[in-house]
Amino acid sequence: MKKKTVKKQIRLTIASNAGGSGKTTVATHLAYAVGAKGYKVTLIELDQNGSLCIFARLAPASMEQSLAAVFKKTFTGDYPLVPLWTEHLSTVTAIQGGKFLEESIAEIYNYNRRHYTLKDRLEDYPLNSDLIIFDTPAFLEPMGLIALAASTHVLVPIKPEYKDTGAFAGFLDWFYSKVDDLRLKPQPEILGFVPTRVDLYGVGAHRDILGLDKKGNLRTDIEPERTLPFLIKQMGIRCFPYIRESNYYLKASGSGLPLNLYRPGYDASEDFKPIVTSLIKLMTEEL
């Protein structure tokens with residue numbers, strides 16, 4: 001009997017307990033890369049800073065056109081979706097965050113199911129998307145916790161610098177304790193960690209922490225047990241290949257485009273492929 005491929009919605013939180021790890025860069029580039037494969041993607045911004053305005057060249061959202069409207073008790077399923085990069089594809093939409101989320105935080109904490117608010121909205125009023133990506137702020141609570149409760153999977157960007165790598169165990173402690181506290185069933189899974197903003201040529205600490213030379217090859221002068229990827233894998237968690245730092249990310253975001261569109265063919269945009277492949281595998285299964 002011929003197998004049938006069916007799609008399953010994946011809700012992916014991009015989260016980290018360290019600032020400057022490139023969460024929005026990862027979120028927007030994954031949204032584009034998966035959308036370019038023909039899958040429907042919705043990017044939900046839970047950040048009060050509203051960085052998506054820059055990364056996708058959008059005007060700041062009003063309260064009614066932001067995620068704050070979704071958190072209102074009066075919400076009835078009319079999501080304020082805005083299409084992204086419409087000159088290039090028609091599969092990616094977003095719900096913007098921004099300053100109005102500050103008021104939402106105070107409101108949500110008065111709700112009986114405060115941490116489940118986003119989860120409840122998405123279950124009561126399902127989005128027609130194959131992949132939903134939650135872009136969270138630099139701090140884990142409360143928005144990171146609200147995203148976690150609504151997620152099926154979590155991806156953790158991490159800079160290979162000593163202050164950041166020392167925090168990865170702290171993130172895992174937070175993740176597992178909150179999953180237990182919220183009694184999430186089914187439990188969200190950690191898709192993996194991904195080293196980000198990696199500069200092997202210019203930063204020796206990056207080479208030491210990842211155990212790589214300037215060309216990305218494994219070094220023989222460092223014990224594997226001392227490297228970040230080894231420590232992550234020892235905990236039974238996947239460590240994706242690194243995403244390199246590039247000045248073109250800054251230029252691309254200033255143009256409101258993912259790197260794939262700003263500089264087609266530039267090899268750095270290929271760094272997201274392993275994650276994209278994993279997401280597509282999760283979204284599609286054969287029966």
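Once the Cα-Cα distance is subtracted from the 0.36 nm per residue extended length, the Asn247 to Asn217 segment shows a gain of 8.6 nm.
Pull up the cross-link candidates among the lysines for Lys178, meaning alpha carbon to alpha carbon under 16 Å and not fewer than 8 places away within one chain. Answer for Lys178, where 16 Å is the Cα cut-off: Lys119, listed by chain and number. Computed from the C-beta positions of Thr74 and Lys99 and an R0 of 22 Å, the FRET efficiency is 0.65 to the nearest 0.05. For the pair Ala268 and Ser90, the difference between a 0.36 nm per residue extended length and the Cα-Cα distance amounts to 61.7 nm. Once both labels are positioned 7 Å from their Cα atoms along Cα-to-Cβ, the gap between Tyr162 and Phe230 label points is 1.9 nm.
Its DSSP H runs of at least 4 residues, each contributing -39,500 (n - 2.57), put the calculated 222 nm mean residue ellipticity of the chain at -9500 deg cm²/dmol, to the nearest 500.
The DSSP beta bridges internal to the chain are antiparallel in roughly 20% of cases.
Assuming a ≥ b ≥ c are the square roots of the Cα gyration tensor eigenvalues, decide whether the stretch 76-230 counts as rounded (a/c under 1.5), prolate (otherwise, with a/b larger than b/c) or oblate. Please report the intermediate quantities before stating the final value.
On the way: a/c = 2.47, a/b = 1.70, b/c = 1.46.
It comes out prolate by the Cα gyration axes.
Within the stretch 217-236, whose backbone N sits under 19 Å from a point 7 Å along Cα→Cβ of Ala169? Within reach of a label on Ala169, which here means backbone N under 19 Å from a point 7 Å along Cα→Cβ, the stretch 217-236 contributes 223-236. Can you give the FRET efficiency for Arg57 and Lys8, using 1/(1 + (r/R0)^6), R0 = 22 Å, r = Cβ-Cβ distance, to the nearest 0.05? Approximately 0.10, to the nearest 0.05.
Identify the residues of the stretch 221-241 with backbone N under 19 Å of a label point that sits 7 angstrom from the Cα of Asp180 along the Cα-to-Cβ direction, or state none. Under 19 Å, as judged by backbone N against the label point of Asp180, lie 235-237 of the stretch 221-241. The shape of the stretch 61-148 comes out prolate: with a ≥ b ≥ c from the C-alpha gyration tensor, a/c is at least 1.5 and a/b beats b/c.
Bear in mind that the values in this text are calculations on the coordinates, not laboratory data. Keep in mind that what you see is a predicted model, and the values were worked out from it rather than measured. Every residue, glycine as well, gets a Cβ built from its backbone with ideal geometry; the counts of neighbours run over all protein chains shown.
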